[in-house]
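Report on the following structure.
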Amino acid sequence: MWVKQLKCLFTCCACATTIMYVLHLHLQEKSFTRQLTLTSSAVTSSPPMLQQNRHNSSIVVNLLKDHLDSVPTSCACALAPLSHEELYNEYLSQPVSWMNLSTRQVLEKQHPNFPVDLLSSVGGGWCNLLPSPIDIEWHNTYYQSLRVSENTSYLLYSAILDNRILTDTRPCIRVLAYSKDVDPDSPWCYIWFNSTGPPAISPVLVIDYIDYVPGSKSRQMVYILTCRIPKKYAHLKPLAVSLVRRPCERALTLLQVVGSMERNASTAFAEGGLNPRSIRPPQWNVAVCGPALFYYHQDISVRLVEWLELLRASGFAKVFLSETDVHPNIQKVLQYYVQEGFVSVTKFTYPEPYVNEPNTRRLWTLLKQREMFSMENMYFTDCALRHMHEYRFISHFDPDEMPVLLNHETFPRWVADWTYRHEVTAGKKNDPWKSLHLAWYYHNDDLETPSASLPKYMWMLRHSRRSLKKFAVNYGTSKPVFNMDVALGVNSHMLMACSFGNCHGKSYVIPRREAYVAHFKQTCGDYCKRANATREEPALLRHESKVIPAVTRVLQKLQLI
């Protein structure tokens, strides 16, 4: 009985999700801006702030001109040696033998915010405004807590440098945080370039709400807090950032700042890179930001290998995943592909008061799906921003989804051809498209096409038949490709905030006769038993000669078959 009730609940949630997407699109057109001005330039004054899910670029420019460079830019530091510095260095150098990495490397690769770079460059002392790493108040493993006022508390997850050409507060630091306050107060930022300080001081100028449903104090909500790097330091890359209630008080938070001042050309371009003599745009690499894997009871390791190898054969450069608690076989798969370099994993937990014990968490995700979907915006946005310096185009697909290209061999070639047809120029503010959307077709579980040449563990390749059953095509039934020249806040289906304020520019739903996302899910039932209710789509089979040997080799090496 409870299984039927859950299925009914999921169906209702899917309908509600589609409705809320339409509502969000309507509210986008009616979004408003609220400005709080400085009462004075004294260090105890409240910073200027914008509060909405689409900040207004012209008002930001006015704030930058009128206020930002008149606020205090520094606080005095008293220097002392970092307590237990030798112990920190010794510990960070210790090997994690089963991963073949040092502790420092594991933290760099997997921890969302531990300030490894600052700890690795201690010299000349430790500013007394800095917290010791052991003094940071951690919550649910990965969150640093900050209380700004009686009503506003934040759980800070990550900090990313943003120096993109189209960023209106460039250069700036984007801090991703949860809060239960629907109208949160603004903190201040200490921006650290070394351990001796003093830090650069900057108010949180913009707060973007990242969700498509109205805010509620009953749940944790995702925000992006933006503080601009003052002009005096704009040429430097920060190592870490602290958020504080007011300037010149001792910080209790310290987050690693990830990212770079410019995009990495060695990862951004495919097939020869940028050719100034070519009349066609360059072929950009495309990466995938996947979900936070929570498959603790279910072993999807075999299907995960096929998914990754199909993505590789389709031309994707890298896959980024978040991880909670997973089945041991899935852990083996992730470790294999991380060591190989095709996959990168960042650790994730849900914020308090939500449980992170894997057995009870799974029940929570089944019964509180709307809250879970809202909190997913944290790791989707973190993934996109964390890797925007490596890749101009980032897609999102789940392990039961695969892009199908009807006329192109690889995904980067399709994106290159599409951008050529639509004249998108990197860095030009007047014409950037925001995102492309590939609509679903269902390749249902009961539509398997038996084939002697396809091993039984090739689930996607053996499900090349799709249903012709019609359903609405919209953002909620499609998956995105984000243009990281402009994307700021995202969820699993759409763009929610842009780097330059109001999201002008177009998003395109791609005709399914050109490209679509195969959704390997659900059963078709009686509908697909009718005549002409299904269609064979062999496009993915073009990769079978490459994918089958690769999947077989990995499964045998990991002893999964």
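The values are calculated or read from the model by the stated rules, or taken from the named source; none is laboratory data. Note that this is a predicted model, so its numbers are computed, not measured. No Cβ is skipped: glycine too gets one built from the backbone with ideal geometry, and neighbour counts run over all protein chains shown. Surface accessibility is based on the protein's heavy atoms, side chains included, excluding ligands, DNA and RNA. Shrake-Rupley method; radii C 1.70, N 1.55, O 1.52, S 1.80 Å.
Annotation: amide H-H contacts under 5 Å for residue 395 (H modelled 1.01 Å from N, sequence separation of 5 or more, or interchain): 287, 288, 289, 482. Distance between the pseudo-spin-label points of residue 506 and residue 102 (7 Å out from Cα toward the beta carbon): 5.1 nm.
So which chymotrypsin sites (Phe, Trp or Tyr not before Pro) in region 94-158 end up in coil per DSSP with only 16 or fewer other C-beta atoms within 10 Å?
Details: sites: 98, 126, 138, 142, 143, 154, 157; in loops: 142.
For chymotrypsin sites (Phe, Trp or Tyr not before Pro) across region 94-158 that sit outside H, G, I, E and B with at most 16 neighbouring Cβ atoms in 10 Å, the list is empty.
Along its principal axes, region 334-390 has C-alpha extents of 36, 24, 17 angstrom, given from the largest down.
Relative to the current alpha-carbon distance between residue 267 and residue 336, full extension at 0.36 nm per residue lengthens the span by 22.7 nm.
Could you do me a favour and compute the accessible area per residue for region 267-558, 1.4 Å probe, result in Å²?
The answer is 39 Å² per residue.
With one equal scatterer per alpha carbon and no solvent term, the Debye-computed log10 I(q)/I(0) for region 72-258 at 0.10, 0.17 1/Å reads -0.40, -1.12. For residue 206, the residues whose modelled amide H falls within less than 5 Å of its own, excluding neighbours fewer than 5 places apart on the same chain, are 50, 226.
By average Cβ neighbour count within 10 Å, what is the ranking of 480-489, 333-342 from highest down?
Numbers: 480-489: 25.8, 333-342: 16.2.
Ranking the peptides 480-489, 333-342 by packing returns 480-489, 333-342.
The residues of region 72-258 expose, per residue, 37 Å² of accessible area to a 1.4 Å probe.
The heavy atoms of residue 372 present about 10 square angstrom of accessible area, all protein chains included, probe 1.4 Å.
Could you tally the net charge around residue 354, taking each other residue with its Cβ under 11 Å from the Cβ of residue 354, Lys/Arg +1 and Asp/Glu -1? Don't skip to the answer; put the middle values down first.
On the way: positive: 219, 361, 368; negative: 352, 357, 371.
The answer is 0.
Heavy-atom accessible area with a 1.4 Å probe sorts 233, 527, largest first, into 527, 233. For region 267-558, the Cα-based Rg and Dmax, in that order, read 19.1, 58 Å.
Shown is the FRET efficiency for residue 473 and residue 366, computed with R0 = 25 Å from the Cβ-Cβ distance and rounded to the nearest 0.05: 0.35. When 182, 206, 302 are compared by accessible area at a 1.4 angstrom probe, the order from most to least is 182, 302, 206. Rounded to the nearest whole angstrom, the semi-axes of the ellipsoid equivalent to region 299-349, taken from the Cα gyration tensor as √(5λ), stand at 18, 13, 9, largest first. Local charge for residue 243 was computed over the other residues whose Cβ lies under 13 Å away, with Lys and Arg +1 and Asp and Glu -1, and equals +2. Hey, any idea what % of region 311-412's accessible area is carbon plus sulfur with a 1.4 Å probe? Answer for region 311-412: carbon and sulfur cover 52 percent of the accessible area.
Computed with a 1.4 Å probe on the full set of protein chains, the accessible area for residue 134 sits at about 120 Å². Along its principal axes, region 114-205 has C-alpha extents of 42, 36, 21 angstrom, given from the largest down.
Give me the net charge of residue 173's neighbourhood, meaning all other residues with Cβ under 9 Å from the Cβ of residue 173; Lys, Arg count +1, Asp, Glu -1. So the surrounding residues net to +1.
Which aspartates and glutamates does residue 232 reach when only Cα atoms under 13 Å apart count, and residues fewer than 8 places away in its own chain are ignored? By straight Cα distance, residue 232 reaches 69. Accessible area per residue (1.4 Å probe, heavy atoms of protein chains only) ranks 347, 456, 469, 217 as 456, 217, 469, 347, with the largest value leading.
Beyond 19 Å between alpha-carbons counts as too far, so tell me which of 109/332; 332/479; 332/546; 318/347; 479/506 fall in that bin. Present the calculation step by step, with values, prior to reporting the outcome.
Numbers: 109/332 17 Å; 332/479 28 Å; 332/546 22 Å; 318/347 17 Å; 479/506 16 Å.
Over 19 Å Cα-Cα: 332/479; 332/546.
The share of accessible area on region 72-258 that comes from carbon and sulfur is 51 percent, using a 1.4 angstrom probe. Amide H to amide H, with H built 1.01 Å from N, residue 221 comes under 5 Å of 179, 180, counting only residues 5 or more places away or on other chains.
If each Cα of region 457-561 is one equal point scatterer, what is log10 of I(q)/I(0) from the Debye formula at q = 0.20, 0.22 Å⁻¹? For the requested q values the scattering log ratios are -1.08, -1.16.
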